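Q: First the structure, then my questions, so here it is.
The values are calculated or read from the model by the stated rules, or taken from the named source; none is laboratory data. Because the structure is a prediction, the values reported are computed rather than measured. Every residue, glycine as well, gets a Cβ built from its backbone with ideal geometry; the counts of neighbours run over all protein chains shown.
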Amino acid sequence: MKVAVIGTGYVGLVVGACLAEAGNDVVGADVDEAKIAGLRANRLPIYEPGLEPLLARNQREGRLQFTPDVGAAIERSDVVFIAVGTPPDEDGSADLRHVLAVARTIGQRMNCPKVVITKSTVPVGTAERVRAEIAAHTQLPFHVCSNPEFLKEGAAIEDFMKPDRVVVGVDSPEAARVLEELYAPFVRTGNPLIFMDIASAEMTKYAANAMLATRISFMNQIARLCEAVGADVTLVRRGIGTDRRIGSAFLFPGPGYGGSCFPKDVKALIRTGEERGVPLDVIAAVDAANERQKRMLFEKLARHFAGGLRDVAVAVWGLAFKAETDDVRESPALVLVEALLRAGATVRVHDPAAQETARRLLGERVSYAPHAYAALEGAAALAIVTEWLEYRNPDFERIKRLLARPLIVDGRNLYAPERLARLGFTYDSIGRRLTCAPS
């Protein structure tokens with residue numbers, strides 16, 4: 001099948017590479033000529049495990065190509081995915097300018113009937129706006145579908161190739177048949193391909209992310225209460241996670257959710273509710289709780305320095321919003337670093353993948369360590385924000401030698417408090433008792 005994917009960001013690259021891997025003839029299009037030149041040379045603008053070899057192999061074998069000519073990509077394809085960004089506007093609503101600009105180009109370059117699929121995360125009603133924009137520029141027949149993505153950064157290739165489900169909103173049986181053929185290789189093991197009306201498909205994406213964000217914020221608040229009453233959130237999580245009605249996923253407390261999806265989608269859903277006169281009090285509370293949670297690591301650190309943090313050196317492990325990505329959008333680590341800088345602290349950071357993306361925002365106001373231990377030299381505290389594998393079992397004796405003060409504030413509960421106390425650390429984690437070295 002001849003497929004165009006308009007937009008070569010995170011979603012567009014994963015969609016294009018995986019569809020090409022399944023044997024389709026795919027062209028990825030983007031107006032950013034520098035990005036296209038890099039992709040043609042197999043230089044990725046993002047870090048995503050498994051994506052680089054997939055791009056290289058499919059370009060080499062001729063199933064995947066990239067072009068800055070969006071109109072030409074549309075003309076040569078039967079199926080067109082819209083996968084451009086929908087950044088949050090100032091009021092929290094999704095900015096649809098890029099989506100509608102692509103729809104306009106589709107209408108202007110329509111040379112035969114096509115199936116147009118919105119892959120970007122868009123509010124309910126966007127497909128109809130896309131349809132109207134295309135129709136304003138062509139008399140040829142076309143179909144508009146909604147196919148929301150449910151990709152986890154760091155595991156996106158696996159999620160696309162072996163999805164839990166594929167949700168598709170269609171406007172006709174003909175469009176459904178095209179999508180069924182396109183996704184057949186990915187649902188052979190029996191995971192469902194779920195067809196529904198377009199508005200329901202658009203809503204499903206926001207509802208799913210809002211539910212997951214709710215679970216995260218709920219558990220973060222339970223963790224705060226655990227600290228106040230002397231309970232252990234790790235045991236509480238096990239106790240509720242084994243309830244089949246609840247399950248164990250997304251119940252790990254942390255420094256707040258970030259990334260490109262949850263913060264943006266929660267705010268967009270709240271805005272949609274306001275526009276339709278439907279107060280979403282629970283979702284609004286989730287958003288507010290998450291903003292508070294992002295300040296928690298700084299508050300924990302500050303409590304250990306009665307004289308304030310001015311001129312105190314603090315090491316920060318992890319800048320990405322989660323492990324296995326270089327994405328720092330809405331990352332709790334950036335909130336922590338900015339708060340430390342405002343307090344006058346000296347900040348040394350390390351991240352296995354996200355240092356360059358973070359540098360674009362933090363500049364040279366912090367120092368960037370070439371490896372994790374280099375960030376610790378002379379620091380009065382270590383703050384852990386991202387759960388990278390290399391941080392999970394470090395050399396604690398080395399850490400203790402390098403730190404000027406054996407203090408670890410752990411936003412991911414990576415270590416056993418009793419062990420850290422025996423090793424001579426003051427260890428402050430989330431939802432568990434503060435532990436200190438025996439006196």
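Q: Which number in (1) outside any helix (DSSP H, G or I); (2) surrounded by 16 or more Cβ atoms within 10 Å (Cβ to Cβ) marks the one condition that Gly62 misses?
A: Of the numbered conditions (1) outside any helix (DSSP H, G or I); (2) surrounded by 16 or more Cβ atoms within 10 Å (Cβ to Cβ), the odd one out for Gly62 is (2).
Q: Now for a different question. Report, by residue number, each residue of region 232-241 that is surrounded by fewer than 22 Cβ atoms within 10 Å (Cβ to Cβ) and touching a residue at least 60 places away in the same chain (Cβ under 8 Å).
A: Matches in region 232-241: Asp232, Thr234, Val236.
Q: Given the conditions (1) buried (at least 19 other Cβ atoms within 10 Å of the Cβ); (2) in a loop (DSSP other than H, G, I, E, B), and given that Gly378 satisfies all but one, which numbered condition is not satisfied?
A: Every condition holds for Gly378 apart from (1).
Q: For residues that are surrounded by fewer than 23 Cβ atoms within 10 Å (Cβ to Cβ) and either touching an Asp or Glu at 6+ places or on another chain (Cβ under 9 Å) or not basic (Lys, Arg) (or both), scanning just region 335-346, find the one that is nearest to Glu299 (Cα to Cα).
A: So the residue we want is Ala339.
Q: Another question, then. So which residues in region 385-424 are buried (at least 20 other Cβ atoms within 10 Å of the Cβ) and assigned to a loop (DSSP other than H, G, I, E, B)?
A: Val385, Thr386, Glu387, Trp388, Leu403, Pro406, Gly411, Arg412, Asn413, Tyr415
Q: If I filter region 58-65 for residues that are touching a Ser or Thr at 6+ places or on another chain (Cβ under 7 Å) and not acidic (Asp, Glu), do I get at least one hit?
A: no
Q: Could you tell me which of the residues Lys114, Lys152 is within 18 Å of Asp171 (Cβ to Cβ) and of a type in the set (D, E, K, R)?
A: Residue meeting the stated conditions: Lys114.
Q: Hey, could you check region 73-97 for residues that are in a helix (DSSP H, G or I) and in contact (Cβ under 8 Å) with a residue 40 or more places away in the chain and say which is surrounded by the most Cβ atoms within 10 Å (Cβ to Cβ)?
A: The qualifying residue surrounded by the most Cβ atoms within 10 Å (Cβ to Cβ) is Ala73.
Q: Condition check: surrounded by fewer than 17 Cβ atoms within 10 Å (Cβ to Cβ), free of Cβ contacts under 8 Å to residues at least 40 places away in the same chain and either assigned to a helix (DSSP H, G or I) or not assigned by TED's automatic domain parsing to the domain that holds Glu275 (or both). Does Pro49 satisfy that?
A: No: the conditions fail for Pro49.
Q: Determine the pairs where a residue that is within 13 Å of Leu297 (Cα to Cα), located within region 421-433, has a partner that is surrounded by 23 or more Cβ atoms within 10 Å (Cβ to Cβ) and polar (S, T, N, Q) with Cβ atoms under 8 Å apart, the partner being 6 or more residues away or on another chain.
A: Matching pairs, first to second residue: Ile430/Asn220.
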